There are 6 protein chains.
Amino acid sequence: MIEYDAASAEVRAIYDDIMATRKTDWINNFWKVLAHDPVTLRRTWTSIKEIMAPSALDPLTKEMIYLAVSATNQCGYCIASHTAGARKAGMTDEMFAELMAVVGMANETNRLASGYQVEIDDKFKT
Amino acid sequence: MIEYDAASAEVRAIYDDIMATRKTDWINNFWKVLAHDPVTLRRTWTSIKEIMAPSALDPLTKEMIYLAVSATNQCGYCIASHTAGARKAGMTDEMFAELMAVVGMANETNRLASGYQVEIDDKFKT
Amino acid sequence: MIEYDAASAEVRAIYDDIMATRKTDWINNFWKVLAHDPVTLRRTWTSIKEIMAPSALDPLTKEMIYLAVSATNQCGYCIASHTAGARKAGMTDEMFAELMAVVGMANETNRLASGYQVEIDDKFKT
Amino acid sequence: MIEYDAASAEVRAIYDDIMATRKTDWINNFWKVLAHDPVTLRRTWTSIKEIMAPSALDPLTKEMIYLAVSATNQCGYCIASHTAGARKAGMTDEMFAELMAVVGMANETNRLASGYQVEIDDKFKT
Amino acid sequence: MIEYDAASAEVRAIYDDIMATRKTDWINNFWKVLAHDPVTLRRTWTSIKEIMAPSALDPLTKEMIYLAVSATNQCGYCIASHTAGARKAGMTDEMFAELMAVVGMANETNRLASGYQVEIDDKFKT
Amino acid sequence: MIEYDAASAEVRAIYDDIMATRKTDWINNFWKVLAHDPVTLRRTWTSIKEIMAPSALDPLTKEMIYLAVSATNQCGYCIASHTAGARKAGMTDEMFAELMAVVGMANETNRLASGYQVEIDDKFKT
């Protein structure tokens, strides 16, 4: 992991932008590891910054969607970091519980639909 | 698929509840196929009805989370049906585009975190 | 797809063994496509023949496990072919319904366990 | 995690039913964590109790299918808990080895079928 | 889908860059659909252009890795488009067959490693 | 885990072949665990030996494809072991970074293609 003090000016500028955007004073491990590849670090951060900015969907909804995907993929790191991110954005215990309930149910019915080979209704066709 | 007219009284009662709860006058194929197993039909509908009811998370957010999971799992039927469900609950074109952007990015960084074997930050540990 | 009549002697011998082992008089598309790579055709068939032979687990149980995996992965071809395979091995409508119920539930609780970051009980550690 | 002594009467009743149904004297972590959301705890337990009860498929077969899905999804907690569950239901070392062999092979051929874009045989169409 | 003639100047400029970079005279459906969200269209194309450019890994290797991921995820569209992309970059029938063999085997042993709960060797720890 | 000294002659012969083929003097945990099922040990090793041998694709490319699949599936053991394997076969830091970039991007666009329900272009149809 590349710590702030050991980082190049290029990487440090990205770290600064991450902390300023997120209003925090530390960098989590994901970025410190990605910093070994400054091109991917820059592209990934720039993309996330653009995607997660408040717009038609509010930041809390976006963080919960991020967490829903991470739980579906069972990515341990991402579940931990985006649970923290969603909590910071305002997710309550009750919201978290409901989010998990929806994620669980969706994963169940996804397989029922596939396993039963259900055909798409004409009304659902775009 | 078991159509309404051919359904048993038990299945018909569930169909009626689905239509009443969703304020629609038709049943989509998923339920008509599940109806071959009335036990699973009843349990799945009862669970979904409980999970998707408005509560700490509003119905639109829940439908978008359902769609995020379905897109991650690449379940064709579920993507089609929950895109329709989310639109009915108020999802605009712009919201859909942002939802997909978050889903795509989360799927990307889930693999970067795993592939780079990033360790969970102490601050993220529960 | 490489049909029997157009197949090389090497491929034809494998086709013959597939039909003899499965007591059928036709070859399904999976093998006809794999036949473009005789090395993979031979290795895959030899492996499947060894794995699916009756032993500590009976053929029906094995086919249902195969179908459970295919439904979880949402592989359309594999769901179709192994549903047929399991039916041929004796899977009734009721068994199929119960199989799908277990597959659906497992996919749900897999995500609840991960999303809630549940730690493994000491009693479960090997 | 919510221990038995700290649980509400509602949660305690579910814990009692879990122990009685499974003929054990302890509760595994999954339920203790889910207990933070009594609604999901109740719904999940009620569903699992219904699904896993002996019926057309015996309990051992159901536990092995649960394990097959968990291994396919690579859910660490679920693999550990359902390996224990299947062993308790009678899975021998030999059965476990064969189960894993089928799970591995199914995951392999699922990708061969998709990667080679194999079309579903007419005979497999429902 | 947004065709070239109906596209805004912004989208058309991206279409032009895609065709110039790929030395083709047509745009595939993926981009025409993404064009409904010019922000995602631009970000996705810019990222792919950067990632897929020749560098330490040659374009053929990159296309084959893209196809390996798509086959693992069983994304029908992506398998079709990246099979075409890899062929254009020089993938022979023999290379494709070997690629699929590795993808299949990796998907198998991924589950054997997880299902058997294999611990990471100290020598593999970073 | 079954160590060399405790292994049967049959297992020991496979261990010897693994070490000779890979030009190493140790056996990693995966094989020591699989050794509990000599049939699966033999079949898996024979298959991997055949698949990973140099041919139309060089060993480095094959190891990187193996790693791409393992990162996509988020198999911790497999990521660790095949990162080591790819490094031994010549993967540089730069190559690893590019590999991860492609894997991440492919996982992203796989979901964009599915979520947007993009139809396969006629030109991509085989």
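Residues that are in contact (Cβ under 8 Å) with a residue 12 or more places away in the chain and either crowded, with 23+ Cβ neighbours inside 10 Å or in a loop (DSSP other than H, G, I, E, B) (or both) within segment C:84-95 comprise C:Ala86, C:Ala89, C:Gly90, C:Met91, listed in sequence order.
Look at C:Gly115 and say whether it is without any contact (Cβ under 8 Å) to a residue 12 or more places away in the chain, closer than 26 Å to E:Asp93 by Cβ and either of a type outside the set (Phe, Trp, Tyr) or buried (at least 22 other Cβ atoms within 10 Å of the Cβ) (or both). No. When F:Val102 is tested against (1) more than 7 Å from every other protein chain (Cβ to nearest Cβ); (2) in a helix (DSSP H, G or I), only condition (1) is not met. Scanning segment D:62-77 for residues that are under 21 Å from E:Leu112 (Cβ atoms), in a helix (DSSP H, G or I) and facing another protein chain (nearest Cβ under 7 Å) yields D:Met64, D:Ile65, D:Tyr66, D:Ala68, D:Val69, D:Ser70, D:Ala71, D:Thr72, D:Asn73, D:Gly76, D:Tyr77.
For (1) out of contact with any helix residue (DSSP H, G or I) (no Cβ under 9 Å at 6 or more places or on another chain); (2) hydrophobic (A, V, I, L, M, F, W, C); (3) within 14 Å of chain E (Cβ to nearest Cβ), each residue gets a yes or a no:
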site: C:Ala7; (1), (2), (3): no, yes, no
site: C:Lys32; (1), (2), (3): no, no, no
site: C:Trp45; (1), (2), (3): no, yes, yes
site: C:Ile51; (1), (2), (3): no, yes, yes
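Only residues that are under 14 Å from the mean Cα position of the chain (by Cα) and not in a helix (DSSP H, G or I) were counted in segment E:24-53, giving 2. Of all the criteria given as (1) crowded, with 21+ Cβ neighbours inside 10 Å; (2) touching a residue at least 12 places away in the same chain (Cβ under 8 Å); (3) closer than 23 Å to D:Glu50 by Cα, the one not satisfied by B:Thr44 is (2). I'd like to check something: does segment D:100-111 contain any residue that is open to solvent by 20 Å² or more (accessible area, probe 1.4 Å) and either out of contact with any Asp or Glu (no Cβ under 7 Å at 6 or more places or on another chain) or at pLDDT 95 or above (or both)? No, because not a single residue in segment D:100-111 is open to solvent by 20 Å² or more (accessible area, probe 1.4 Å) and either out of contact with any Asp or Glu (no Cβ under 7 Å at 6 or more places or on another chain) or at pLDDT 95 or above (or both). Within segment C:105-126, the set of residues being facing chain A (nearest Cβ under 8 Å) and part of a helix (DSSP H, G or I) comprises C:Met105, C:Asn107, C:Glu108, C:Thr109, C:Asn110, C:Arg111, C:Leu112, C:Ser114, C:Gly115. I'd like to know if segment E:71-94 contains one or more residues that are over 18 Å from the mean Cα position of the chain (by Cα) and of a type outside the set (A, V, I, L, M, F, W, C). Yes: one or more hits. Going by the structure shown, is D:Leu57 touching a Leu at 6+ places or on another chain (Cβ under 8 Å), at negative phi and not in a helix (DSSP H, G or I)? Spelling it out, D:Leu57 is indeed touching a Leu at 6+ places or on another chain (Cβ under 8 Å), at negative phi and not in a helix (DSSP H, G or I). Of all residue pairs spaced 6 or more apart or on separate chains, those with beta-carbon atoms under 8 Å, a first member in segment F:97-112 that is within 14 Å of B:Tyr116 (Cβ to Cβ) and a second member that is of a type in the set (Phe, Trp, Tyr) and open to solvent by 10 Å² or more (accessible area, probe 1.4 Å) are F:Met100/B:Tyr116. Residue count for segment E:64-83, restricted to those that are surrounded by fewer than 24 Cβ atoms within 10 Å (Cβ to Cβ) and either touching a residue at least 40 places away in the same chain (Cβ under 8 Å) or of a type in the set (D, E, K, R) (or both): 0.
All of (1) closer than 20 Å to A:Met52 by Cα; (2) in contact with an Asp or Glu (Cβ under 8 Å, 6 or more places away or on another chain); (3) more than 11 Å from chain F (Cβ to nearest Cβ) hold for B:Ala56 with one exception: (1).
When you scan segment C:24-38, how many residues do you find that are surrounded by 13 or more Cβ atoms within 10 Å (Cβ to Cβ) and among the aromatic types (Phe, Trp, Tyr)? Give the derivation first.
Step one: list which residues in segment C:24-38 are surrounded by 13 or more Cβ atoms within 10 Å (Cβ to Cβ), which gives C:27-38.
If we keep only those that are among the aromatic types (Phe, Trp, Tyr) too, we end up with C:30-31.
Number satisfying all stated conditions: 2.
The residues of segment E:1-23 that are open to solvent by less than 30 Å² (accessible area, probe 1.4 Å) and in a loop (DSSP other than H, G, I, E, B) amount to a single one, E:Ala7.
The values are calculated or read from the model by the stated rules, or taken from the named source; none is laboratory data. Every value quoted in this text rests on a predicted model; they were computed, and no experiment measured them. We place every Cβ from the backbone using ideal geometry, glycine too, and count neighbours over all the protein chains shown. The protein model used for the area step is the full one, side chains on, heavy atoms only, and it has no ligands, DNA or RNA in it. Shrake-Rupley method; radii C 1.70, N 1.55, O 1.52, S 1.80 Å.
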